[in-house]
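Down below is the structure, laid out as structure tokens.
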Amino acid sequence: MAHDESRKPAGSHPVILQRSSYPEYLRISEILRKETVGGILLLIAATLAIIWANSPFSDSYFAIRDFEFGYEPWHLKLSVGQWASDGLLAVFFFLTGLELKREFVAGDLRRISRAIVPVAAAFGGVVVPALIYAAVNLSSPDTLRGWAIPTATDIAFALAVLAVISSHLPGALRIFLLTLAVVDDLIAIAIIAFFYSEDVSFVYLLWMLLPLGLFALLAQRLPKFFGTTTRGPWLILLPLGIATWALMHASGVHATVAGVLLGFCVPVLHKTDGKATLPTSDRPGLAEVLEHRFRPLSTGFAVPVFAFFSAGVAIGGVAGFASAVTDPVFIGIVLGLVLGKPIGVLLTTFVVTKMTRANLDPGLSWWDLLGVGILAGVGFTVSLLVNDLSFGAGSEHDDHAKVAILAASVLAALLASVVLRARNKHYRRIDAEEKVDSDADGIPDVFEDRGN
């Protein structure tokens, strides 16, 4: 009888929670890279936080969130919630930095003719919500500080919603949304760096340049080494990244900015024998390699943990929700995200296309852009971060703003789903008609049109 290695000795017990095999690890990592999975994990984390924060055990949630630990002389004695927002979210912003640089160096943003419309739309989607919030809170200096809360777009949530309903939507629509969201993140990072950094210490900033410069030097000089070895980035680049983050945090500039700077230091182009070429699927650059490796950590752990400790808010029942709804902070955020985003995106796109020679992609319509504009109102991750920076965790306006961010993001996602599902049916019908015509005469319509 052939020996069966899978058979267990008599009397043995099944093993649970054992170390997974390498193929299983690869499979789970690949799942965590999917946009829909990232959005689902965010939603689950936020839902659990809200349920716990409003349960009879709410005191334990806030006790854990506010528990402080760390080394005080290094300015690192932080609460669990602060470690999540300042520390773990730096991983998310590192990946954002990688994505931004890749778009500027090898993506659509390097071509002005293709980038001008979504870039302008992103600026419009930031300015209009900020103006709406400011108009609502103009008479209240205390709440006006939150003007940047409705300016952000959550890439993970927005792309997850689009991925669920985009079976027949044009590929150009996803590219437009991705470019818009990437530029939106860049603007949000600049806002955090310039408007939400206090008591900046230039001494710490100068010290921060040492590990940052060494990180950049090694990444630029040894891209092949860090791209082909697994331990190299963890044992060499990661300690330098942590040192950069710690000094940035001590300087008074929000520590997540360090993640973006580190991302910008990683080369995008593929280098062979001293020659740099655009990355391809079989010859990726170091930025693409590191993003592939770190994406599961961000999607599966860092961002959900941040969402869990940031989304938890004690609503206080019907009376508490009614109090939140009447707060100008709540009104400004909801109007900014749900109305300001689509108005800013559409208005700016219309103006740019009329004043320049730039045109919309032939595969898109204004109804498609309306859906994307509404979907850009899903703020969540960065909005929650800016909210904590604006009002401070645990304050009344902070709690009301969290309720507004969650409500507006859900509302924007639902409204965008209605519009984009209708557009998806429209494109599905077009595909079906083209298939029928193609089957009838054996010549696809696209060739018949060219012949005419």
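Quick look at the numbers
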quantity	calculated
Failed condition for Leu217, given (1) open to solvent by 50 Å² or more (accessible area, probe 1.4 Å); (2) more than 21 Å from the chain's Cα centre (by Cα); (3) modelled with pLDDT under 90	(3)
Subset of region 302-327 [open to solvent by 50 Å² or more (accessible area, probe 1.4 Å) and more than 24 Å from Ser55 (Cβ to Cβ)]	Thr326
Every residue from region 328-341 that is open to solvent by 10 Å² or more (accessible area, probe 1.4 Å) and in contact with a helix residue (DSSP H, G or I) (Cβ under 6 Å, 6 or more places away or on another chain)	Pro328, Phe330, Ile331, Val334, Leu335, Val338
First in region 101-118 and more than 22 Å from Val351 (Cα to Cα), second anywhere and at pLDDT below 75, Cβ under 8 Å, 6 or more apart	Glu103/Leu109
Region 107-120, subset in contact with an Asp or Glu (Cβ under 9 Å, 6 or more places away or on another chain) and open to solvent by less than 30 Å² (accessible area, probe 1.4 Å), residue farthest from Ala302 (Cα to Cα)	Val117
Residue list for region 131-181, restricted to those being polar (S, T, N, Q), in a helix (DSSP H, G or I) and more than 28 Å from Phe330 (Cβ to Cβ)	Thr179
Those residues of region 136-158 which are within 21 Å of Leu414 (Cβ to Cβ), open to solvent by less than 10 Å² (accessible area, probe 1.4 Å) and of a type in the set (A, V, I, L, M, F, W, C), in sequence order	Ile149, Ala152, Ala158
Within region 44-89, tally of residues that are open to solvent by 70 Å² or more (accessible area, probe 1.4 Å) and either in contact with a Cys (Cβ under 6 Å, 6 or more places away or on another chain) or among the hydroxyl-bearing types (Ser, Thr, Tyr) (or both)	1
Options Thr229, Thr256; residue that is buried (at least 20 other Cβ atoms within 10 Å of the Cβ) and among the polar types (S, T, N, Q)	Thr256
Criterion (open to solvent by 40 Å² or more (accessible area, probe 1.4 Å) and either modelled with pLDDT of 90 or more or not in a helix (DSSP H, G or I) (or both)) met by exactly one of Ala393, Ala358, Ala401, Ala408	Ala393
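The values are calculated or read from the model by the stated rules, or taken from the named source; none is laboratory data. All values derive from a computational prediction rather than experimental measurement. When we count neighbours, we look across all protein chains shown, and the Cβ atoms used for this are built from the backbone with ideal geometry, even at glycine. Each accessible area value is taken on the protein alone, full model and side chains, heavy atoms only, with ligands, DNA and RNA left out. Shrake-Rupley method; radii C 1.70, N 1.55, O 1.52, S 1.80 Å.
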